[in-house]
Ligand SMILES: NC(=O)c1ccc[n+]([C@@H]2O[C@H](COP(=O)([O-])OP(=O)(O)OC[C@H]3O[C@@H](n4cnc5c(N)ncnc54)[C@H](OP(=O)(O)O)[C@@H]3O)[C@@H](O)[C@H]2O)c1
């Protein structure tokens, strides 16, 4: 079968489109005929060797995947050949940038039925990240206020929608290119971070500041003033420290997204109920994945790219 993989860490040029052995599902695993995998920034980090995730080489990227079950390992129950599924695959194992991938049976959930199967690869890890950040790390409840910095990106789109559904007031920062998307996702107030002083634009403090953007550490530390005493600062940008304020009881939490089958199933239900929109900005063939990594390394990717197998 065809796959994109890297035999050594390095720049986007280490990715090769090549023939590899079709994987065989071991006990407890299923094999998927891949419909699509999603590109995530962490794929770039793993390929470059920046992320402390112990991948075995050669490694196939693409831990967010959608596809159709085509073989079952021993002992697998509750999943049938022919099922359309999505999964957030274990990041250290081979991913879905291939025609076939094996997945732990407990990682797959039925795909949404109201969107194309390939687009459904855009959902798993990013929507789980938004949920975990808002409600586990942020502990947000109905009636509270969240300020989302970097809301114009992929995680931000899910975070706005999930927060609004939960009855949370959402203040979002965005640049002109993403202001319309942030409004459409349901933000109550949108602040243009390219021409507005954030703290000056707020009509009072928030319970949680959720940062999703690669802002300067000094800016991040200053933004903590937006959070009420006893509130929380939550960040997905794990490459820099999350600031809090001990004197005011403001907690700091850095998100490391975890697989969660029940939650992913709930997210799929929301998609099928029309309560959660999955945005895909580009669909590219597997042969173009190295070019996508190169674009991302140059900082030019906007929105979610899915890679068709
Ligand atoms: N730790 C984890 O488990 C985990 C999981 C998932 C993602 N992540 C990380 O979380 C971050 C967000 O992910 P994503 O997929 O949503 O990325 P993304 O789509 O690139 O979104 C990031 C957004 O940040 C905004 N931005 C850039 N510079 C900014 C600035 N100076 N001030 C305010 N906003 C700024 C951009 O919005 P504009 O449109 O406004 O320019 C961009 O849309 C990434 O760093 C990703 O690697 C971590």
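The values are calculated or read from the model by the stated rules, or taken from the named source; none is laboratory data. These numbers come from a predicted model, not from an experiment. When we count neighbours, we look across all protein chains shown, and the Cβ atoms used for this are built from the backbone with ideal geometry, even at glycine.
Quick notes
- Scanning segment 270-302 for residues that are in contact (Cβ under 8 Å) with a residue 40 or more places away in the chain, in a loop (DSSP other than H, G, I, E, B) and in contact with a strand residue (DSSP E or B) (Cβ under 7 Å, 6 or more places away or on another chain) returns a single hit, 280.
- Summed over segment 81-103, residues that are part of a strand (DSSP E or B) and surrounded by fewer than 19 Cβ atoms within 10 Å (Cβ to Cβ) total 1.
- Residue count for segment 11-64, restricted to those that are within 15 Å of the ligand (Cβ to nearest atom), part of a loop (DSSP other than H, G, I, E, B) and modelled with pLDDT of 95 or more: 5
- The one condition in (1) more than 23 Å from residue 199 (Cα to Cα); (2) within 16 Å of the ligand (Cβ to nearest atom); (3) touching a helix residue (DSSP H, G or I) at 6+ places or on another chain (Cβ under 8 Å); (4) part of a loop (DSSP other than H, G, I, E, B) that residue 126 fails to fulfil: (4)
- Single unsatisfied condition, residue 262 versus (1) touching a residue at least 24 places away in the same chain (Cβ under 8 Å); (2) part of a helix (DSSP H, G or I): (1)
- Single residue of segment 224-247 satisfying the filter (within 13 Å of the ligand (Cβ to nearest atom) and part of a strand (DSSP E or B)) that is surrounded by the fewest Cβ atoms within 10 Å (Cβ to Cβ): 235
- Every residue from segment 130-172 that is within 10 Å of the ligand (Cβ to nearest atom), assigned to a loop (DSSP other than H, G, I, E, B) and closer than 14 Å to residue 207 by Cα: none
- Subset of segment 173-193 that is assigned to a helix (DSSP H, G or I) and under 16 Å from residue 212 (Cβ atoms) - its residue that is farthest from the ligand (Cβ to nearest atom): 185
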